[in-house]
Structures are given as C-alpha cells and as structure tokens.
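Bear in mind these aren't lab numbers, they're just calculated from the coordinates by the rules spelled out. Since the model is a prediction, treat every value here as computed from it, not as a measurement. Here the Cβ positions follow ideal geometry from the backbone for every residue, glycine too, while neighbour counts run over all protein chains shown.
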C-alpha cells in the first residue's frame with residue numbers, strides 16, 4: 001500500500017510534477033494512478049496542515065458530475081454521510097421582490113441539484129485517499145522559487161536549492177498562482193471590489209435543503225443549506241462595509257442578516273466564527289504550454305455566485321488526465337503537444353462561457369443604479385417565463401459532461 005512520503009534529495013526526476021496539493025492538485029495526483037507514471041506533489045504547507053485542514057467557512061456546492069469524479073478517485077469514501085448535505089433546489093430573489101426564480105432538479109429527472117460539503121472535509125478526504133492508496137510522492141514545506149520549461153518538460157527549483165526535472169509540470173497553486181507567473185502565462189484578473197463574509201448558523205425554522213441567492217440593496221446574501229437545520233450565511237459587501245460587519249458582535253451580525261432575509265428562517269444562532277475573503281476572478285490566457293499545464297483556480301478562479309469554481313477545478317483535471325491517458329496509449333509522454341492542445345481546447349470550451357457569464361452576472365447584481373435594477377428585474381422575469389432555459393441551467397449542474 002502506497003503512502004504519502006517526502007521525496008528524498010536523491011530523487012531529481014519525475015514524470016509529472018504538480019505544484020500545489022490543494023483539491024485540484026490532489027485530485028490530479030489521484031486521477032493519474034494506474035498510468036505507470038511517477039508523480040510528485042509539491043506544497044509549501046506542512047504535512048499536518050494538509051492532513052487535517054482547519055475549517056475555513058467555505059461550503060462547496062458539488063455538482064453530481066464532481067461527486068462522480070470524487071467517487072472514481074476514491075476520495076468520496078472518506079467523507080461521512082452526515083458531512084454531505086443535499087441541495088434539493090434553489091431560489092433566486094432580486095431586491096425586495098417576493099417572486100423567486102426557482103431551479104427544480106425534477107425538471108431533468110434528478111432529485112437534487114447536487115450537495116454541499118465543507119472545503120476542509122474535501123481536502124481532508126483527498127489527502128486521506130492519497131495516504132491510503134495514492135501513488136504520488138508528496139513534498140511538504142517545499143516552496144517553488146524557479147521554473148524553466150521546454151518541449152520535453154521542465155525543471156523546478158525549490159527554496160532549499162533542490163532541483164526536480166519533470167516530463168510535465170502542472171500548476172495547481174491557487175488563483176494567484178506563482179507557477180503560472182513563472183511559466184510566463186498572463187491572466188485576466190477582475191477585482192470585484194467586494195468582500196465575501198461567510199459564517200455557519202443554526203436556523204430556527206427549516207430551510208428544507210433549498211438554497212437562496214438574494215440580490216439585496218447593499219450586497220448579496222446567500223443561504224447554503226446544511227444538515228440538521230444548519231446553514232452557511234454568505235454575504236457580500238463593499239470593503240469598508242465588510243470591515244464594519246466583521247467588527248459587529250456575532251449576535252448583532254446574525255440579527256441583521258435575519259432582517260435582510262425578512263426573518264423567514266426565524267432566529268439565527270452562531271455556530272462558527274466569521275471568515276472574510278476578497279473577491280477576485282482570474283482566467284488564464286493559456287491553460288497549457290510545452291511541458292506545462294494549469295488546473296484548478298490557477299487556470300480559472302471563479303466568482304462564487306454561480307458555485308462553479310470547485311466543479312470546474314475537479315472536472316478540468318479529469319479532462320487533462322483523459323488526454324494524458326490517450327497520449328500514453330499512442331506511445332507518447334504526459335507532455336505530448338497534441339494532448340496538451342486538446343486539454344486547452346476542451347477546458348476552455350467548458351469554462352469560458354461559465355467564467356465570462358458569471359463575471360457579467362456578478363457585476364450586474366453588484367450595481368445599484370436604476371438601469372442595473374431594471375436589467376435584473378427583466379432577467380429574472382424572463383427566467384420565470386422560460387422553463388426551457390431553467391431546465392438547461394439545471395442540466396448543466398446535474399448531468400455528466402459530454403465525452404470529448
């Protein structure tokens with residue numbers, strides 16, 4: 001049984017080197033099992049932080065396709081049933097309107113849109129599977145400070161002076177990827193000038209596992225339903241207001257949130273601290289170069305309003321592995337130019353529309369001008385009157401990707 005181990009100083013060659021052992025990097029390492037490749041994961045965190053990551057307030061909306069991938073790579077088995085909260089449907093509300101745009105999975109023959117699992121639980125499960133049966137070696141407390149690339153792969157230099165040669169180098173190190181910059185790949189970045197605040201609360205009244213996305217004056221508010229009557233409250237504010245909100249006593253903060261929700265869920269009781277995250281969207285200008293590829297947030301860092309970010313990350317790495325597998329069958333290596341070109345094409349086809357439409361939606365709903373308010377009203381009214389469009393959106397959330 002393979003275990004997670006530190007690579008010795010003597011090991012200076014690997015077939016695939018993955019920079020970043022977050023969800024995308026660990027998923028990629030597990031997806032590459034059984035292909036006969038030597039895989040190395042490098043992460044600047046210590047092993048303890050990877051093995052037992054702290055709760056960070058982020059609840060991940062997993063599509064059914066992403067759940068399927070996590071099952072295939074073995075990570076899902078490490079997540080307990082009570083850590084999985086079904087997402088049965090979703091409502092979208094604009095302003096103070098009482099009319100909601102409703103997304104119902106039964107329209108496409110499913111009983112749920114997906115499910116919620118805490119980010120730290122997913123990370124822990126991926127690490128546990130890597131420890132139990134992964135083939136990749138893991139270097140912890142290792143910071144990449146240099147990268148040189150060529151058609152035959154690349155050489156990564158670590159802060160302690162070690163150099164590792166790899167047939168393929170993969171950047172999976174967050175949306176502010178240092179690996180992406182070292183590879184010379186530019187990215188389109190959009191600072192939304194907003195801060196997201198997340199916290200977990202106990203609801204007095206049942207939420208019935210229905211998510212709510214409320215675009216309200218002063219900032220958006222989302223309810224992400226969890227088990228046992230709990231939910232994650234996600235609010236988005238301008239930075240100055242976010243600072244003020246973080247300074248409120250937690251009881252006052254939740255009382256204000258309940259008021260914004262028209263007290264439909266009754267009293268809200270705190271279950272966690274608050275976490276604040278600046279909102280920045282990132283879309284890499286290239287997903288692959290000779291000897292190099294990007295996955296996860298390093299390739300596409302989404303605004304959370306449409307809940308596509310994690311799903312794009314885990315599905316994108318699966319696309320890359322599929323093309324690597326095909327290259328190996330043709331007698332080529334993991335950095336085969338045809339394989340990387342196909343990954344670039346397919347991942348851009350999957351992600352481009354989602355990214356740019358999400359950016360437009362986030363900008364539209366962040367503005368308080370009269371034209372923006374009218375546009376939002378027209379958009380939601382059209383959605384309520386077009387069931388075919390709603391079914392298409394639900395299908396993108398629930399159905400597996402088409403073969404490529």
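How much length is gained if the chain between residue 330 and residue 162 is pulled fully straight, taking 0.36 nm per residue apart and subtracting their Cα-Cα distance, in nm to one decimal?
Values: separation 168, 0.36 × 168 = 60.48 nm, distance 3.28 nm.
The residue 330-residue 162 span can extend by a further 57.2 nm.
Could you calculate, for the stretch 227-291, the ratio of the Cα radius of gyration to the Kirkwood radius, expressed as Rg to Rh? Let's see the in-between values first.
Details: Rg = 17.3 Å, Rh = 14.6 Å.
Result: Rg/Rh = 1.18.
Can you tell me the order of 59-67, 311-319 when each peptide is scored by its average per-residue count of other Cβ atoms within 10 angstrom, highest first?
Working: 59-67: 22.0, 311-319: 25.2.
Highest mean packing first, the order is 311-319, 59-67.
Calculate the all-directions average of the projected area of the stretch 214-332's alpha-carbon convex hull, and give it in nm². If you can, show how the numbers build up before the last one.
Working: hull surface 41.8 nm².
That works out to 10.4 nm².
State, as an integer percentage, the relative contact order of the stretch 198-324 based on alpha-carbon contacts under 8 Å between residues 6 or more apart. Intermediate results must be reported in sequence, preceding the final value.
Numbers: 174 pairs, mean separation 28.0, N = 127.
In percent, rounded to a whole number, it is 22.
Starting with the fewest neighbours, write out 196, 246 ranked by other beta-carbon atoms found within 10 Å of each beta-carbon.
Working: 196 23, 246 14.
Fewest to most other Cβ atoms nearby, the residues stand as 246, 196.
Hey, fewest Cβ within 10 Å first, where do 326, 264 land in order? Before the final figure, lay out the partial values.
Details: 326 14, 264 11.
Listing 326, 264 from fewest to most nearby Cβ atoms yields 264, 326.
Over its Cα atoms, what ratio of radius of gyration to 2.2 N^0.38 Å does the stretch 76-223 give? Don't jump to the answer; show the numbers that get you there.
On the way: Rg = 21.8 Å, N = 148, 2.2 N^0.38 = 14.7 Å.
Cα-based Rg divided by the globular estimate yields 1.48.
Report the semi-axes of the equivalent ellipsoid for the stretch 57-161 in whole Å, largest first, where each axis is √(5λ) for an eigenvalue λ of the Cα gyration tensor.
Values: eigenvalues 293, 75, 41 Å².
So the three semi-axes of the stretch 57-161 are 38, 19, 14 Å.
Taking the simple approach of a point 7 Å from Cα along Cα-to-Cβ for both residue 141 and residue 202, what is their distance in nm?
So the label points at residue 141 and residue 202 sit 4.1 nm apart.
Fewest first, what order do 70, 32 take by the number of other Cβ atoms within 10 Å? Please list the in-between numbers first.
Values: 70 24, 32 27.
Taking fewest neighbouring Cβ atoms as first place, the list is 70, 32.
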